[in-house]
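Scroll down for the structure; my scribbles are underneath it.
Every number in this text was worked out from the coordinates using simple rules, so none of it is lab data. Values in this document were obtained by computation on a predicted structure and should not be read as measured data. Here the Cβ positions follow ideal geometry from the backbone for every residue, glycine too, while neighbour counts run over all protein chains shown.
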Amino acid sequence: MITALEGNIFYEIAALLVLAAGVGFVGLLLRQPLIVSFIAVGMLAGPSVLDIARSDQQIDLLAELGIAILLFLVGLKLDFNLVRTLGPVSLVTGLGQVAFTTVFGFLIALALGLDPLTATYVAIALTFSSTIIIVKLLSDKREIDSLHGQIALGFLIVQDIVVVVAMIALSAIGVGGAAAEGENALTEVLQVLGYGVAMLAFVVIFIRFIANPLVTRLSQAPELLVSFAIGWAALLAAIGHYLGFGKELGGLLAGVSLASTPFREAIAARLASLRDFLLLFFFIALGASLDLSVLGANVWSAIVLALFVLIGNPLIVLAIMGAMGYRKRTGFLAGLTVAQISEFSLIFMAMGVTIGHVADEALGLVTLVGLVTIAASTYMITYSHQLYTVFEPVLGIFERRHPKAEDDGRSDIGKPYEVILFGLGRYGLGIASALRDSGKRILGVDFSPEAVRHARAQGYDVIFGDATDPEFLAHLPISRADWLVMAVPEHSTGLTHNDPRLTLLKSVRDLGFDGKIAVAAFRDITVDQLKAQQADLVLMPYRDAAFAAARMIADETPAPEPVLAAPEGQKDLPA
């Protein structure tokens, strides 16, 4: 019976999945990303502990497919337009952080006793931050559309481009290294480069003439569209491997070839779960390959490098953004997003091991750094506002006397306004339209640059800022306002300690505001809570709209003109 269990791959995979679910649940309770849990699963399932993961060939196959899907999705969402629209801050901050981490990471690695080639690999691996983790955490906090969230996305895209360049260079070096023993090394390298150019030309032709009509036709059957996307990613990954420049770049080119189609978001959404499932096996394979005794020998080196990433990366982002005229709060919140290394760091090191440039010990060192930095940075991003409150007194050196980059639109801040409105989504713009029609002078505030631009285009006086920032609130003309209106979405089942409405209520009262405050609530449970926090009026959009509709029906009064829709993505009414 035991022999049958040991020889059956199905039982082995079942055991790994159950173990992953259990460890993942513990990680969820600890508010950790699944990457940390999955690597822990690999370590537990490996020969050093439970010795469950024995089918190396099958697990590696699933892991390679997972990497191909991951890079396919990266190529699918490689948004160069975001870098361009955010201007130089994304490019300068992204490249500046990469250069800083590479140079100083290399010097630290040398000081820790690593050889120059291994130190170079480790230094480059430390430059990559996890887009998946950061986007997830910022989305959970509803800060993905904030100024610091958009800037972070911008320089993460820059990092993704650097990843692509690094992998291309590594593939070329690997080909040259593999052929170096033969007499035709240069010929081999040129041949692979020629294949790469030919494949790139094929992708360009595919994008130009085939991608849109093909995907449009396939979209009539969503299941077929998903099957095609998986097959396309696997096909180009296989071709890339066969031609000598790697499965990773083949999968990336497959994503780029579909990035211009109108269905890229639908494809990405449907493949996200499959990517996470398959990457489980990559991290299991990685964790199972780690020798815990080797990890123990690397603990002090890993701690030094982890502290460098956790402290050095945020500081360089803060310094660059401060020099470019951004406020210390924005730089601090954006800087915290790069305080960890990425899953690409591990893939990059694994490629180095495969080529033979670095030893397994170097991969183990970077993996340990990844575990520490991902675990720590998750809490740093989750509690970023509380951390800012702690460190704010010493951050003044990173802020110009006049932070001009965030002064756009503040020339009107000295005007007297009767109403200051926080939140310019659909509901907020509806309130603004009705108040403006009644002759009220309104100042709009939102932390989404896109929402600010949209409202400004409709003729409103608007600035961008964060209602949870007491320093920002102190610069608003609240002393002359009659009303403060908080029309922001509600994302929890009750008031929490970091709810922006609660922060606003406390902050403006502390600033001496003696006018009236209206706050939007979308659930009955928060109405009494908001009133207890000195809200003068609690707006309930659904209830209020229902009463207004009933009055219009009963009195046969005409409905008001509709307000222009908020920009795409500004959804402040729960589904």
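Here are the numbers for the structure shown:
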item: By average C-beta atoms within 10 angstrom, highest first, the peptides 42-50, 352-360; result: 42-50, 352-360
item: Cβ crowding within 10 Å averaged over residues, with 195-203, 103-111 ranked highest first; result: 103-111, 195-203
item: Residues whose placed amide H lies under 5 Å from that of LEU421, excluding near-sequence neighbours; result: LEU443, GLY444, VAL445, VAL485
item: Interchain or long-range residues, amide H under 5 Å from VAL358's placed H; result: VAL353
item: Inter-probe distance in nm under a simple model that places probes 7 Å from Cα toward Cβ, at LEU61 and ALA323; result: 5.2
item: Note, ³J(HN,Hα) from phi for the stretch 227-232, Karplus 6.51, -1.76, 1.60, rounded to Hz, x at Gly and Pro; result: 4, 4, 4, 5, x, 5
item: Spin-label model distance (nm) - MET552 vs SER260, 7 Å beyond Cα toward Cβ; result: 4.4
item: Vicinal HN-Hα couplings computed from phi for the stretch 368-379 (Karplus, 6.51 cos²θ - 1.76 cosθ + 1.60; Hz; Gly/Pro x); result: 5, 4, x, 4, 5, 6, 5, 4, 6, 5, 4, 6
item: Highest to lowest packing among 386-395, 222-231, scored as the average C-beta count within 10 Å; result: 222-231, 386-395
item: In Hz, Karplus ³J(HN,Hα) per residue of the stretch 335-352 (6.51, -1.76, 1.60; θ = phi - 60°; x = Gly, Pro); result: x, 4, 6, 9, 8, 7, 9, 9, 4, 5, 4, 6, 5, 4, 5, 5, 5, x
